Amino acid sequence: MNFIIDKNEISFLYKKSSIHTFTIIFIILSICLAMIFFNNILIIFLDNLNVFLYNVIIFSINIMFLFLLFCIIMGCLKYFYNIDSDSNKNIHDIFFYYKTKKSFIRFIDFFPVLLIRILIYISLSSLLFIFFTKYFFINNISTKIIPIFIPLYFSLSILFGIFFLQRDIINTFLFISNDDISIKNIYLISKDILKIYRSNIFYSTLKVFPFIILSFLIIPSFFTLPYISIYMSNLTKNIFKYVIKKPS
């Protein structure tokens, strides 16, 4: 089954959301910069601690910042998901998972599995990079191949990420689409969706592959990330329309 992606609707929603796009990215970048700054301050103050305690504190702080960042990112995705031609969502929706105790606890339930899966993906991609760099070093392969290898590696790594994180993408959009679906049901529904539509979802997601590549150049991400969010929202809405007759 081919899911219908209305490019005109995506373009319309993209233009509609543009008024808030820079505000959203500014907030996310501010959190990232605060994380880097705070880590540097901690390094100065914790310099005299033993290595184990130092690493535990730094790791705990980083997890806290990641939680804060992901909470905002999920709110941003909810904002983009809920934009449609009939309503104009409020920018405050990006703080949705901080608004009530129920939504905050629900996010706490959802976050650990998502984080672990992302960390596994990053670890696998890093191992692949280490393997290839060691291979080049051991076999004395010419450095002229590096300009070809690095873009090729990142492209393959992103393709692998699209495949490996498919279920997490579906889980995420199920999570933000309906606040009444339990976390357990989210996992069960996404499992059923992938049994039927895995290849369709993969090929549909490949259409934003160039935008994902451009996002790594930082400045284009101000334009590409909102487009990717709206595209994936439109795609998952089409999927859920077939699978979920009445959310529970």
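Here are the numbers for the structure shown:
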| read-out | value |
| --- | --- |
| Filter on Lys101/Lys241; Lys191/Lys241; Lys191/Lys237; Lys78/Lys101 - keep pairs with C-alpha separation over 19 Å | Lys101/Lys241 |
| Taking Ile169, Ile201 and counting other C-beta atoms within 10 Å, the order from fewest to most | Ile169, Ile201 |
| Ranked by how many other beta carbons lie within 10 Å on average, peptides 54-61, 221-228 from highest | 221-228, 54-61 |
| Neighbour net charge for Thr100 - beta-carbon separation under 10 angstrom, K R +1, D E -1 | +3 |
| Equivalent ellipsoid dimensions for region 7-243 as semi-axes, Å, which come from the Cα gyration tensor, largest first | 31, 25, 19 |
| Helix-derived mean residue ellipticity, 222 nm - over the chain, DSSP H n ≥ 4, -39500 (n - 2.57), to 500 | -27500 deg cm²/dmol |
| Backbone HN-Hα couplings from phi across region 189-194 [Karplus 6.51/-1.76/1.60, Hz, Gly and Pro as x] | 5, 5, 4, 5, 4, 5 |
| Other-chain or far-sequence residues with amide H under 5 Å of Asp84's (modelled H) | Lys89 |
| Ranked packing of 94-102, 7-15, most packed first, by mean Cβ within 10 Å | 94-102, 7-15 |
| Residue-wise HN-Hα coupling along region 103-113, computed from phi with Karplus coefficients 6.51, -1.76, 1.60 (Hz; x: Gly, Pro) | 5, 5, 5, 4, 5, 4, 5, 7, 4, x, 5 |
| Inter-centroid distance (Cα atoms) of region 179-228 relative to region 29-73, Å | 28 Å |
| Selected from Ile193, Ser103, Pro226, residue furthest toward positive end of dipole (region 7-243; charges at beta carbon) | Ile193 |
| Whole-Hz couplings from phi, Karplus 6.51/-1.76/1.60, listed for region 60-65; x for Gly and Pro | 5, 5, 5, 5, 4, 5 |
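Coordinate-derived values only; no laboratory data. Only a predicted model underlies this, so the values are computations on that prediction, with no experimental measurement involved. For neighbour counting, all protein chains shown are included, and Cβ atoms are generated from backbone atoms with ideal geometry for every residue, glycine included.
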